[in-house]
Amino acid sequence: MNKKEIYQYLTAHHIPYEVTEHKAVFHMGELDPAKLPYPEWMAKNLFIRDDKKRNYFLITVKGEKRVELKTFRREHGLRPLCFASAEDLQDILGLTPGSVTPLGLLNDKGNQVHFYMDEEFAGHKIGIHPNDNTATVWLQADDLLELIQKEGNPVSWAAF
């Protein structure tokens with residue numbers, strides 16, 4: 001799904017959202033918090049895999065947090081983890097580096113990616129890309145988790 005299709009999907013599923021258009025950003029440091037309506041609810045997204053390329057994970061955390069993959073791995077009983085390649089990102093989520101987002105899971109036809117969302121988002125807004133890094137979509141994190149789960153991906157809240 002492209003950006004326009006994401007907006008149509010959210011509207012069709014009665015999920016309230018707001019959009020902030022901006023220049024293309026490829027990492028959190030390029031965003032100007034002063035130009036965002038809810039900078040405290042910006043998300044950072046990591047697309048990772050295990051060392052055997054058998055399991056893929058999308059981790060979404062509040063923007064200022066760091067994710068220690070070794071700690072995450074131990075807490076969730078996983079094999080060693082590393083970042084997935086740009087090719088895996090394109091093949092599985094239909095995304096390019098810099099546009100990683102939970103909404104990319106709508107492109108995961110095999111439902112092979114396990115989604116982990118930072119529990120600090122529970123009951124709050126979240127700001128994520130609409131499969132394109134030239135905008136941020138603001139919606140309720142609980143709505144996001146529910147729609148991804150309904151599409152068939154495994155989902156979990158996690159502490160980071």
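Pairs meeting the criteria (first residue in the stretch 95-108 and free of Cβ contacts under 8 Å to residues at least 60 places away in the same chain and crowded, with 19+ Cβ neighbours inside 10 Å, second residue hydroxyl-bearing (Ser, Thr, Tyr) and in a loop (DSSP other than H, G, I, E, B), beta carbons under 8 Å, at least 6 apart or on different chains) are Leu95/Thr101. Among the residues making up the stretch 93-108, those that are modelled with pLDDT of 95 or more and on the phi < 0 side of the Ramachandran plot are Leu93, Leu95, Val100, Thr101, Pro102, Leu103, Gly104, Leu105, Leu106, Asn107, Asp108. Scanning the stretch 114-136 for residues that are within 11 Å of the chain's Cα centre (by Cα) and β-branched (Val, Ile, Thr) turns up Ile126, Ile128.
Just to verify a result, which residue in the stretch 76-90, among those that are surrounded by 12 or more Cβ atoms within 10 Å (Cβ to Cβ) and in contact (Cβ under 8 Å) with a residue 12 or more places away in the chain, is nearest to the chain's Cα centre (by Cα)? Per the stated criteria, the residue is Leu89.
For (1) under 22 Å from Pro37 (Cβ atoms); (2) touching a helix residue (DSSP H, G or I) at 6+ places or on another chain (Cβ under 7 Å); (3) at pLDDT 95 or above, each residue gets a yes or a no:
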site	(1), (2), (3)
Ala86	no, no, yes
Asp91	no, no, yes
Phe115	no, yes, yes
Asn133	yes, no, no
Gln140	yes, no, yes
Leu145	yes, no, yes
Gly152	no, no, yes
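Checking Ile15, Ile6, Ile48 one by one, the residue that is touching a residue at least 24 places away in the same chain (Cβ under 8 Å), of a type outside the set (Lys, Arg), in contact with a Leu (Cβ under 9 Å, 6 or more places away or on another chain) and assigned to a helix (DSSP H, G or I) is Ile6 and no other. Leu139 fulfils the conditions (1) in a helix (DSSP H, G or I); (2) within 13 Å of the chain's Cα centre (by Cα) except for a single criterion, (1). Please verify whether Leu105 is under 13 Å from the mean Cα position of the chain (by Cα) and of a type in the set (A, V, I, L, M, F, W, C), treating the condition exactly as stated. Yes: the conditions hold for Leu105. Of the residues making up the stretch 109-144, not one is surrounded by fewer than 16 Cβ atoms within 10 Å (Cβ to Cβ), basic (Lys, Arg) and touching a residue at least 40 places away in the same chain (Cβ under 8 Å).
The values are calculated or read from the model by the stated rules, or taken from the named source; none is laboratory data. What you see is a predicted model; the values in this text were computed from it and never measured. Note that each Cβ is placed from the backbone with ideal geometry, even for glycine, and that neighbours are counted across all protein chains shown.
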